[in-house]
1. Looking only at the range 49-82, count how many residues are under 19 Å from A111 (Cβ atoms) and in contact with a Ser or Thr (Cβ under 6 Å, 6 or more places away or on another chain).
2. Considering only the range 115-134, state which residues are in contact (Cβ under 8 Å) with a residue 24 or more places away in the chain and more than 20 Å from A33 (Cα to Cα).
3. Conditions: (1) in contact with a Lys or Arg (Cβ under 9 Å, 6 or more places away or on another chain); (2) closer than 22 Å to L160 by Cα. P122 meets all but one. Number of the miss?
4. Within the range 51-69, which residues are surrounded by 19 or more Cβ atoms within 10 Å (Cβ to Cβ) and either without any contact (Cβ under 8 Å) to a residue 60 or more places away in the chain or hydrophobic (A, V, I, L, M, F, W, C) (or both)?
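Nothing in this text is a laboratory measurement; each read-out follows from the coordinates by a stated rule. Predicted model, so just to flag it, every value in this text is computed and none were measured. Counting neighbours? That spans all protein chains shown, and the Cβs are built from the backbone with ideal geometry, glycine included.
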Amino acid sequence: MQRLWAPWRSQYLKSFEESVVNEENGCFLCAAARHPEQDAQRYVVYRGEGAFVILNLYPYNGGHIMVAPYEHVAALEHLDLDAYQSLCTLLRDAIAVLKEEFHPDGFNVGANLGRVAGAGLPDHVHFHIVPRWSGDTNFMPILADTKVVSQSLEEIYHRLHQAFQRYYHRQ
């Protein structure tokens with residue numbers, strides 16, 4: 001078996017553990033959900049009725065976002081039907097917004113349910129959406145221990161915040 005190492009992820013895991021401990025109830029998603037006045041600082045790009053969209057602070061690619069319910073639950077089956085539908089609707093709409101704004105060639109979409117599945121935050125269910133472009137995987141992470149993300153979180157935040165406003169204004 002060949003292994004593809006991604007050592008930059010250790011920085012994410014270390015800082016994640018430190019930041020989660022310092023957040024309210026130990027959950028950065030709950031802290032973001034409870035503080036709409038801090039959306040820009042916490043990179044919450046859109047708030048829906050039962051769920052919200054937040055940038056991933058350690059993205060695999062530019063535009064890597066997470067869609068999470070406001071409710072702090074560990075599993076999809078623990079959400080009531082309204083919250084589940086809101087989450088899934090926002091997941092669908094977030095993909096549409098990313099398509100319009102960034103024109104990716106595809107997406108990785110998924111949820112890590114449980115710590116053994118790779119969840120860094122196993123107690124608050126959320127989906128990751130990672131836009132992908134043909135040729136976005138290259139030699140830099142393997143040979144140079146470097147992942148190239150060509151836009152800052154601030155730039156991506158402002159673009160997506162405005163894109164969500166335009167998207168829902170048309171609805």
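1. 2
2. V130, P131, R132, W133, S134
3. Result: P122 passes all but (2).
4. Passing the criteria: A51, F52, V53, I54, L55, I65, M66, V67, A68, P69.
For every residue, the table says whether it meets (1) surrounded by 16 or more Cβ atoms within 10 Å (Cβ to Cβ); (2) of a type in the set (A, V, I, L, M); (3) in contact with a helix residue (DSSP H, G or I) (Cβ under 8 Å, 6 or more places away or on another chain).
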position: D80; (1), (2), (3): no, no, no
position: S86; (1), (2), (3): yes, no, no
position: I95; (1), (2), (3): yes, yes, no
position: G106; (1), (2), (3): no, no, no
position: G110; (1), (2), (3): no, no, no
position: G114; (1), (2), (3): no, no, no
position: A117; (1), (2), (3): no, yes, no
